[in-house]
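Reading through the structure tokens given below for one structure.
The values are calculated or read from the model by the stated rules, or taken from the named source; none is laboratory data. The structure presented is a predicted model; accordingly, all values stated were derived computationally and were not measured. A quick note on method: Cβ atoms are made from the backbone with ideal geometry, for glycine too, and the neighbour counts reach across all protein chains shown.
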Amino acid sequence: MATFKEFRNKVKPNWCPGCGDFSVQASIQRAAANVGLEPEDLAVISGIGCSGRISGYINSYGFHGIHGRVLPIAQGVKMANKNLKVIASGGDGDGFAIGMGHTVHAIRRNLDITYIVMDNQIYGLTKGQTSPRSEKGFKTKSTPEGSIESAVNVMEMALSAGATFVAQSFSSDLKELTSLIEQGINHEGFSLINVFSPCVTYNKVNTYDWFKENLVSLDDIEGYDSSDRKKAMATLMEHNSLVKGLIYQNTEQKSYQDLIHGYADHALKDSELNLDKGKFDNLVKEFM
Amino acid sequence: MVEQLSWKVGGQQGEGIESTGEIFAITLNRLGYYLYGYRHFSSRIKGGHTNNKIRVSTEKVRSIADDLDILVAFDQETIDVNAHELHSKGIVLADAKFNPTLPEGVDVTLYSVPFTEIATDLGTSLMKNMVAVGASSAIMNLKCEVFRDVVEEIFSRKGEQVVAKNMEAIVKGAEYVREQDKGNLHQMELAEADGKKRMFMIGNDAIAMGFLAGGCRFMAAYPITPASEIMEYMIKKLPEFGGTVIQTEDEIAAATMSIGANYAGVRTITASAGPGLSLMMESIGLAGITETPLVIVDTQRGGPSTGLPTKQEQSDLMAMIYGTHGEIPKVVMAPSTVQEAFNDAVEALNIAEEYQVPVILLSDLQLSLGKQTVEPLEYDNIEVRRGKLDEHPDLPELDKGEYFKRYQVTEDGVSPRILPGTKNGIFHVTGVEHDETGKPSELASNRKNQMDKRLRKLKKLPEVFPTPVQIDARYEEADVLFVGFNSTRGAIEEAKGRLEEEGYKVNHAHIRLIHPFPAKEVKALVDQAKKVIVVENNATAQLANIIKMNVGSQEKMESILQYDGTPFLPGQIHQRSKELL
Ligand SMILES: Cc1ncc(C[n+]2csc(CCOP(=O)(O)OP(=O)(O)O)c2C)c(N)n1
Ligand code: SF4
Ligand SMILES: [Mg+2]
């Protein structure tokens, strides 16, 4: 059985010291080991951004794609080989700006993959511009007078889009984050885990301290029931989505691959590629 | 008695024009005639003039006819728009309902036939298309019974009575025309065909069938004209083979999902037209640098932007060859017949895996949608080759934290490939420049090694590619060499024949492997000709420019261009080449 150490490789991350993404990396490594994966069972697909580098820092199969397209690539991998555990990950710009269209549709599609967003409310890699997750009034290089757009409320958006697993966490809370990733991996469907992962270099507002002060743990809300979608929505609205924990999970909805008509039992990559003559002749006859 | 004729049915879109053409054409195809169809349609579902022109012949035909013998009109607009195509002995069969008249100066025979009335008397005006089929059969002196098979296939679900009524409509239509005989019925009596069984299909059907036969088991795509039939066929057929299609949210998702699936080992394709291809450009570069096999069909239509979405054009050539930023190895193939489209679809899958590159299978609207008779596609031509992919390797344990050399520098540039999930095979993939294990690297020496390795992969392709150019060159010293690609082949062949009858020595080269360009073959042919005429459906002579770039000989090169949305007719090429010769 692989331990989290087996999920380490020799590449030294080029993240700034103190960057929240380190903990996300560690949590994925621990969660993968905890659910009993071997490194070759896991494919980490990532987007472009500081966060996107994560697939190169985990000893597993990894695909570092293009900006905003992590989800379609990850879904393609899962479609080809359903025996792989697929984790998609990237930044808030990657998933909620350029890739937002894919995010909404991946949620609706409900393929069995785990999507971890390292949400720092800023564009880190391009050196500090506003993100769709930046709060109104947030001053950045690209919004010197403060952002005049509303931040997208992704947790509410995910619930509205029909998500079957929605969670949020904070990179300081390694234990909770690891546990949520494990639950996400085990969830049979699309799981979205938004992680507040502070950018210590460009975001001087949403800092570790800020999150410690402002985040409400769902564990502390009496009687919170993550299977109650209405309650989940109400709680998010009440706390402006500044909550952490498992927000919502629907264990009844089947995953996309379980619903495909005629879909192979085996991984699609193991399909027989050659057509037998009889079948081919039938195809030809249909046009005669 | 005639060996061939050209028949056209027209009316308002959504009025049954399609089914009239289908019943007529499928029946003739089964009788052993060769057919070649051309659909004129607009980008709307109901309303708007639409027509379907079908050439029927006892011998192989691969192009639209210059003129028209029979025009079936369901409205006056059809006559006004199309009557000028009829030659002097032409016949119009028009629904008496709209009191058809011939435009001034058009001297042809008009049969006003009560299509709608006869049909209504039999029960429903919907059968007016059957009456029209019957009327047409009388002109060609075909027995009404020949349509029974097809009528039964379409209507037997609805019961025997419906079949009988539809057959009656055909008979009534034929009888009516025979009674009206204006002395020219026998002129268009069609010579008997050989009765051989052949396929009747559009290029998109053949492309899709090729993918299926070539082992494609997954498709990710977004609907667009004129590519959608490929997706529709795959949706219908893939479940039988355990596979499936995802209709994605856009073409960027279609291309990147295909990349993910190909990376993980399933032969995956996507298909689109210009607007979709424009969206896929960044993804194509990703496939290039990550050396992930990727097959994309581009069914060209009128551009730019939404352009002429339902019209013929060949203007994506440069974009397909050069599209994506940076430099990658990429293959662009352009089949010129339905048969070739099938073979090239199989081959595109093989080449994508053997060379680990993106492959664009280029088609155009006329090839993709022109329905035509095709000799039965051959099983023996199907072959699955996956190159250096090892699906079940037995790999030695890697040193801790080390990666498999997925991008190993090799002599031919192609590296060993394994799939995610393989034990002891972990490697990284990134669109960032990387070293042999896939780890990002900005080292100058590594950059050069990896870039050279990638670009080296296709160096030999023009030599090993079977028939990179379709050559019909009988003359050592030709007056002219015609060059084209995709669907213009048939029209060029016919124009060539006419010029030869007039004493010209004409060679013809149809480029099948567009990129990397088969410069050696083409140069030899160019050298053999006094003049080179490049025939293409675009305004900027894209293929001619590619030839000039690769072969030179600017001084010999002439272009025949057409970018009004219509495919070439043989007569147009014939006429315009004579102006150049
Ligand atoms: C198509 C495209 N547009 C723009 C960029 C430049 N770019 C790279 S990362 C990035 C945004 C990064 O922000 P985020 O996704 O939040 O990731 P972070 O760096 O904060 O982790 C941008 C705009 C790109 N790589 N590709
Ligand atoms: S810039 Fe911000 S997000 Fe990027 S590595 Fe540094 S701290 Fe992390
Ligand atoms: Mg960010």
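Search segment A:184-204 for residues being within 16 Å of ligand 2 (Cβ to nearest atom) and either over 17 Å from A:I247 (Cβ atoms) or modelled with pLDDT under 95 (or both), and hand back the single one that is farthest from the other protein chains (Cβ to nearest Cβ).
Only one residue fits best here, namely A:K204.
Listed by first and then second residue, the pairs linking a residue in segment A:12-31 that is over 11 Å from A:S172 (Cα atoms) and without any contact (Cβ under 8 Å) to a residue 40 or more places away in the chain to a residue that is part of a helix (DSSP H, G or I) and among the aliphatic types (A, V, I, L, M), with Cβ atoms under 9 Å apart and 6 or more places separating them unless they lie on different chains, are A:Q25/A:I54. For the condition in a helix (DSSP H, G or I), surrounded by 22 or more Cβ atoms within 10 Å (Cβ to Cβ) and outside the structural domain of B:N350 (by TED's automatic domain parsing), B:R454 qualifies. When each of B:T410, B:T422 is tested for being more than 23 Å from B:A261 (Cβ to Cβ), at pLDDT 95 or above, assigned to a loop (DSSP other than H, G, I, E, B) and hydroxyl-bearing (S, T, Y), the lone residue that passes is B:T410.
Yes or no: B:I235 more than 26 Å from B:E313 (Cβ to Cβ), surrounded by fewer than 20 Cβ atoms within 10 Å (Cβ to Cβ) and touching a strand residue (DSSP E or B) at 6+ places or on another chain (Cβ under 7 Å)? Yes, satisfied. Annotation note: Cβ proximity below 7 Å between a residue of segment B:443-464 that is more than 14 Å from B:E327 (Cα to Cα) and a residue that is of a type in the set (D, E) (sequence gap 6+ or interchain) occurs for B:N446/B:D435. For segment B:242-266, a tally of residues being facing chain A (nearest Cβ under 7 Å), modelled with pLDDT of 95 or more and over 30 Å from B:L308 (Cα atoms) returns 8. Filtering segment A:98-145 to residues that are within 14 Å of chain B (Cβ to nearest Cβ) and either among the hydroxyl-bearing types (S, T, Y) or near ligand 1 (Cβ under 8 Å from one of its atoms) (or both) leaves A:I98, A:T103, A:Y115, A:L125.
For segment B:138-152, which residues satisfy the criterion of being within 17 Å of B:M188 (Cβ to Cβ) and touching a Ser or Thr at 6+ places or on another chain (Cβ under 7 Å)? Matches in segment B:138-152: B:C144, B:V146.
Could you grab me the full set of residues in segment B:262-310 that are part of a loop (DSSP other than H, G, I, E, B), of a type outside the set (S, T, N, Q) and over 25 Å from B:F241 (Cβ atoms)?
Answer for segment B:262-310, where residues must be part of a loop (DSSP other than H, G, I, E, B), of a type outside the set (S, T, N, Q) and over 25 Å from B:F241 (Cβ atoms): B:A273, B:E291, B:R301, B:G303, B:P304, B:G307, B:P309.
Just checking, does segment B:510-517 include any residue being at pLDDT below 95 and not in a helix (DSSP H, G or I)? There is no residue in segment B:510-517 that is at pLDDT below 95 and not in a helix (DSSP H, G or I). Return yes when A:I116 is under 28 Å from A:Y208 (Cα atoms), aliphatic (A, V, I, L, M) and near ligand 3 (Cβ under 10 Å from one of its atoms) and no when it is not. Spelling it out, it is not the case that A:I116 is under 28 Å from A:Y208 (Cα atoms), aliphatic (A, V, I, L, M) and near ligand 3 (Cβ under 10 Å from one of its atoms).
Only strands (runs of 3 or more DSSP E) whose full extent lies in segment A:84-170 are considered here, and the ones with at least 3 residues that are away from ligand 2 (no atom under 16 Å from the Cβ), modelled with pLDDT of 95 or more and over 22 Å from B:T248 (Cβ atoms) are A:165-170. If only residues of segment A:162-208 that are more than 16 Å from ligand 3 (Cβ to nearest atom) and of a type in the set (D, E, K, R) are counted, the one that is surrounded by the fewest Cβ atoms within 10 Å (Cβ to Cβ) is A:K175.
Put simply, of A:I66, A:I73 the only residue that is closer than 24 Å to B:K439 by Cβ, within 13 Å of ligand 1 (Cβ to nearest atom) and β-branched (V, I, T) is A:I66.
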